[in-house]
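K.L.:
Encoded as structure tokens, here's the structure I'll be asking about.
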Ligand SMILES: Cc1ncc(COP(=O)(O)O)c(C=O)c1O
């Protein structure tokens with residue numbers, strides 16, 4: 001049986017043609033394609049503004065910077081998430097405060113977030129884990145000095161039932177950031193997008209993403225009379241998206257519903273085939289899930305992952321909690337990284353392959369490998 005990778009980008013002829021046309025066009029960096037992609041993305045999620053960037057991590061950096069995160073401020077992040085956005089808060093000089101998971105769940109506990117808010121808290125940054133919407137309504141009552149910014153790296157397209165809106169629409173959050181990394185539901189290779197309904201914030205983000213210039217490069221090069229003039233008006237970064245990436249993103253966005261439908265089919269197949277199998281806990285089946293990840297829990301996680309690998313099925317683990325990474329442990333005193341729920345769920349968790357290029361036969365290979373691995377592990381335990 002062929003080896004099944006954990007993730008594969010879904011790139012077809014249309015993506016290749018769009019990138020090729022962009023390469024032929026003579027304009028590679030941020031230009032018309034980025035503007036088109038931003039407009040299409042904003043309209044897709046229902047936000048007023050979309051700002052294309054070169055990763056979700058730099059998207060988080062720009063938003064945190066624009067919201068005044070720095071020395072003397074605190075940013076609350078889930079312990080059970082990816083390190084990148086939290087690291088941006090740290091590198092801006094803020095104190096990173098970890099909030100634990102809700103008991104037995106992957107999502108951050110809103111009670112723990114509320115408990116950890118101080119007068120120095122500037123931003124709370126929940127993650128829509130795996131592509132399932134976080135209950136944003138539970139954080140809709142933050143004090144006025146605290147901004148809500150959601151990490152939607154996994155959540156495209158995702159419906160948030162707590163606010164009856166698309167993730168990214170900004171019903172309760174100030175800004176949302178998305179990832180277009182190679183394994184994500186929509187990919188540009190590397191890339192990201194920030195959405196917001198706040199026009200001033202959007203204008204600030206556009207400056208911050210390109211050196212703090214008052215004008216975007218495309219505008220300078222296409223205006224023949226005053227093209228050379230620009231001013232540095234803000235302490236900016238370099239985080240703009242290229243037109244090559246945006247050309248790819250536009251085709252992927254057009255195909256998003258079709259690709260999402262295939263992820264749903266794989267998830268439904270796993271749910272149906274594994275529901276009655278003892279020894280494995282499946283994710284809840286909520287409608288509106290992007291199904292970026294299909295997380296499951298088993299008792300002997302490490303052994304399970306390695307046995308799946310022997311059967312040609314590559315699995316992954318999301319996430320190693322921040323509280324268990326060397327640098328965060330060095331940075332945070334023990335009392336500040338006490339996250340028993342996150343660490344408990346981590347010990348059981350792994351993610352099965354799920355992506356739009358998977359065939360029915362691939363899904364059956366995963367199901368068979370899961371059943372066999374659980375039988376093997378159960379048999380070995382019984383024989384002890
Ligand atoms: C939850 C989460 N947030 C942010 C990121 C960072 O995304 P990027 O690689 O686009 O910076 C990731 C990456 O996998 C992620 O899983």
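The values are calculated or read from the model by the stated rules, or taken from the named source; none is laboratory data. These figures come from a predicted structure and were not determined experimentally. Cβ atoms come from the backbone with ideal geometry, glycine included; neighbour counts cover every protein chain shown.
K.L.:
Mind checking whether some residue in the stretch 21-37 is at pLDDT 95 or above, on the phi > 0 side of the Ramachandran plot and touching a strand residue (DSSP E or B) at 6+ places or on another chain (Cβ under 6 Å)?
P.N.:
no
K.L.:
Of the residues in the stretch 18-52, how many are assigned to a helix (DSSP H, G or I) and either surrounded by 14 or more Cβ atoms within 10 Å (Cβ to Cβ) or touching a residue at least 60 places away in the same chain (Cβ under 8 Å) (or both)? Before you say what the answer is, go through the steps one by one.
P.N.:
We begin by selecting, within the stretch 18-52, every residue assigned to a helix (DSSP H, G or I); these are 18-25, 32-45.
Adding the requirement that they be either surrounded by 14 or more Cβ atoms within 10 Å (Cβ to Cβ) or touching a residue at least 60 places away in the same chain (Cβ under 8 Å) (or both) leaves 18-19, 21-23, 25, 32-38, 40-42, 44-45.
Of the residues in the stretch 18-52, 18 are assigned to a helix (DSSP H, G or I) and either surrounded by 14 or more Cβ atoms within 10 Å (Cβ to Cβ) or touching a residue at least 60 places away in the same chain (Cβ under 8 Å) (or both).
K.L.:
Hey, can you tell me all the residues within the stretch 103-129 that are more than 17 Å from residue 69 (Cα to Cα), in contact with a strand residue (DSSP E or B) (Cβ under 7 Å, 6 or more places away or on another chain) and away from the ligand (no atom under 14 Å from the Cβ)?
P.N.:
Residues satisfying the conditions are 109, 112, 113.
K.L.:
Would you confirm whether any residue within the stretch 164-178 is buried (at least 18 other Cβ atoms within 10 Å of the Cβ), part of a loop (DSSP other than H, G, I, E, B) and within 10 Å of the ligand (Cβ to nearest atom)?
P.N.:
There is no residue in the stretch 164-178 that is buried (at least 18 other Cβ atoms within 10 Å of the Cβ), part of a loop (DSSP other than H, G, I, E, B) and within 10 Å of the ligand (Cβ to nearest atom).
K.L.:
So which of 261, 273, 290 ends up being loosely packed, with under 15 Cβ neighbours inside 10 Å and at pLDDT 95 or above?
P.N.:
Numbers: 273 fails: loosely packed, with under 15 Cβ neighbours inside 10 Å; 290 fails: loosely packed, with under 15 Cβ neighbours inside 10 Å.
Every option except 261 fails the conditions.
K.L.:
Continuing with this model, one more query. Would you say residue 115 is over 20 Å from the mean Cα position of the chain (by Cα), in contact (Cβ under 8 Å) with a residue 60 or more places away in the chain and outside the structural domain of residue 318 (by TED's automatic domain parsing)?
P.N.:
Working: over 20 Å from the mean Cα position of the chain (by Cα): yes; in contact (Cβ under 8 Å) with a residue 60 or more places away in the chain: no; outside the structural domain of residue 318 (by TED's automatic domain parsing): yes.
So residue 115 does not fit the description; no.
K.L.:
Next question, about the same structure. Which count do you get for residues in the stretch 234-249 that are under 18 Å from residue 205 (Cβ atoms) and surrounded by 12 or more Cβ atoms within 10 Å (Cβ to Cβ)?
P.N.:
The total comes to 10.
K.L.:
Still on this structure, I have one more. Count, please, the residues in the stretch 103-134 that happen to be touching a helix residue (DSSP H, G or I) at 6+ places or on another chain (Cβ under 9 Å), surrounded by fewer than 18 Cβ atoms within 10 Å (Cβ to Cβ) and part of a loop (DSSP other than H, G, I, E, B).
P.N.:
Selection size over the stretch 103-134: 3.
K.L.:
Take the stretch 179-205 and flag every residue that is buried (at least 24 other Cβ atoms within 10 Å of the Cβ) and more than 16 Å from the ligand (Cβ to nearest atom).
P.N.:
Within the stretch 179-205, just 196 meets the criteria.
K.L.:
Scan the stretch 154-163 residue by residue and report those that are assigned to a loop (DSSP other than H, G, I, E, B), surrounded by fewer than 24 Cβ atoms within 10 Å (Cβ to Cβ) and touching a residue at least 40 places away in the same chain (Cβ under 8 Å). Please lay out each step first, then the result.
P.N.:
We begin by selecting, within the stretch 154-163, every residue assigned to a loop (DSSP other than H, G, I, E, B); these are 154-158, 161-163.
Going one step further and asking which of them are surrounded by fewer than 24 Cβ atoms within 10 Å (Cβ to Cβ), we end up with 157, 161-163.
Correct list: 157, 161.
K.L.:
If I filter the stretch 318-372 down to residues being free of Cβ contacts under 8 Å to residues at least 12 places away in the same chain and assigned to a loop (DSSP other than H, G, I, E, B), which single residue comes out as farthest from the chain's Cα centre (by Cα)?
P.N.:
If we take residues in the stretch 318-372 being free of Cβ contacts under 8 Å to residues at least 12 places away in the same chain and assigned to a loop (DSSP other than H, G, I, E, B), then 333 is farthest from the chain's Cα centre (by Cα).
K.L.:
Determine whether the stretch 308-316 contains at least one residue that is surrounded by 23 or more Cβ atoms within 10 Å (Cβ to Cβ) and out of contact with any helix residue (DSSP H, G or I) (no Cβ under 7 Å at 6 or more places or on another chain).
P.N.:
Within the stretch 308-316, not a single residue is surrounded by 23 or more Cβ atoms within 10 Å (Cβ to Cβ) and out of contact with any helix residue (DSSP H, G or I) (no Cβ under 7 Å at 6 or more places or on another chain).
K.L.:
Separate question: Inspect the stretch 3-24 for any residue being under 14 Å from residue 249 (Cα atoms) and within 16 Å of the ligand (Cβ to nearest atom) and give the result as yes or no. Steps first, please.
P.N.:
We begin by selecting, within the stretch 3-24, every residue under 14 Å from residue 249 (Cα atoms); these are 9-22.
If we keep only those that are within 16 Å of the ligand (Cβ to nearest atom) as well, we get 9.
The answer is yes; a qualifying residue exists.
K.L.:
For the stretch 135-145: of the residues being touching a helix residue (DSSP H, G or I) at 6+ places or on another chain (Cβ under 8 Å) and outside any loop (DSSP other than H, G, I, E, B), which is surrounded by the fewest Cβ atoms within 10 Å (Cβ to Cβ)?
P.N.:
Top of the filtered list is 138.
K.L.:
Out of the residues in the stretch 70-99 that are in a loop (DSSP other than H, G, I, E, B) and within 15 Å of the ligand (Cβ to nearest atom), state the one that is nearest to residue 331 (Cα to Cα). Step through it out loud before you land on a result.
P.N.:
Taking the stretch 70-99 and keeping what is in a loop (DSSP other than H, G, I, E, B), we get 70-73, 79-82, 92-94.
Checking which are within 15 Å of the ligand (Cβ to nearest atom) leaves us with 79-82.
Details: 79: 14, 80: 17, 81: 17, 82: 16 Å.
The extreme case among them is 79.
K.L.:
Of 138, 155, which residue is within 19 Å of residue 263 (Cβ to Cβ) and at pLDDT 95 or above? Working first, answer last.
P.N.:
On the way: 138 fails: within 19 Å of residue 263 (Cβ to Cβ).
Result: 155 is the single residue among 138, 155 that is within 19 Å of residue 263 (Cβ to Cβ) and at pLDDT 95 or above.
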